[in-house]
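The values are calculated or read from the model by the stated rules, or taken from the named source; none is laboratory data. Just so it is clear, the model here is predicted, and its values are computed rather than measured. Every residue, glycine as well, gets a Cβ built from its backbone with ideal geometry; the counts of neighbours run over all protein chains shown. Note: areas computed on protein heavy atoms with side chains; ligands, DNA, RNA excluded. Shrake-Rupley method; radii C 1.70, N 1.55, O 1.52, S 1.80 Å.
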Amino acid sequence: FIYLPFQAVHVPYQVPDGYKAAYNFTYDYSKGTADARNTFAGMLTALDEGVGNITRALEARGMLDETLIWFQTDNGAATPACGGNTGGQNWPLRGGKCTAWEGGLRGTAFASGAGIRPFSNGRVERSIMHTIDVLPTLLEALGGGIKPPVNF
């Protein structure tokens, strides 16, 4: 079992220059800076590289077919009103972090690997999910389930 929570993309917004150098955004989303957008993109690139390193290591050790990989976001990107101009973008959704609009509440998640039922492979689920749904979903994927509550 490994639990590896990546902090990207989240505060502090920083990344080695080599990751940021690949980007040359010149945006002005609500007076955001191009440097913030380049840093954000660089952080995503670093995250992508890290996940690739892990999946290649698992594959090299013959463990990838026995691994369930789960990704999810906690909220939308920061906005000038909450978190500042950090380079994230929620468009076309309204709002962002700290709001009750879709840009703050609607995020992405995916699961891949062991425990995913064959009929679910490649399926896009458009129904509502919340972080509290994760435990029962993971337990089911691992062959367990939720037992009735114990009364004390």
Run the simple label-point estimate for Ala21 and Thr33 please: 7 Å along Cα→C-beta, distance reported in nm. 2.0 nm
Matching label for the computed Rg and Dmax of the Cα atoms in Å, out of (1) 17.8, 58; (2) 16.8, 51; (3) 18.4, 61, is (3)
Loop-located GluC sites (Glu not before Pro) in region 71-148 whose Cβ has at most 13 other Cβ within 10 Å (DSSP): Glu125
Stretch Ser112-Ile146 to full length: gain in nm at 0.36 nm per residue minus the Cα-Cα span? 10.1 nm
Separation between the Glu59 and Ile2 pseudo-spin-labels, each 7 Å from Cα along Cα→Cβ, expressed in nm? 1.4 nm
Taking only DSSP H segments of four or more residues, each worth -39500 (n - 2.57), what value at 222 nm results for the chain once the sum is divided by all its residues, to the nearest 500 deg cm²/dmol? -8500 deg cm²/dmol
In region 29-79, which trypsin sites (Lys or Arg not before Pro) fall in coil by DSSP and have 12 or fewer other Cβ atoms within 10 Å? Lys31, Arg61
Can you list, largest first and rounded to whole Å, the semi-axes you get for region 1-61 by taking the square root of 5 times each eigenvalue of its Cα gyration tensor? 28, 13, 8
Summed residue charge, Cβ within 14 Å of Phe6's Cβ, Lys/Arg positive, Asp/Glu negative: -3
Listed by chain and number, the residues whose amide H is under 5 Å from that of Ala114, excluding neighbours fewer than 5 places away on the same chain and using placed H, are Thr67, Leu68, Ile69
At a 1.4 Å probe, what is the % contribution of carbon and sulfur to the accessible area of the chain? 57 percent
Chain lengthening between Leu105 and Ala81 when straightened (0.36 nm per residue, less Cα-Cα): 7.1 nm
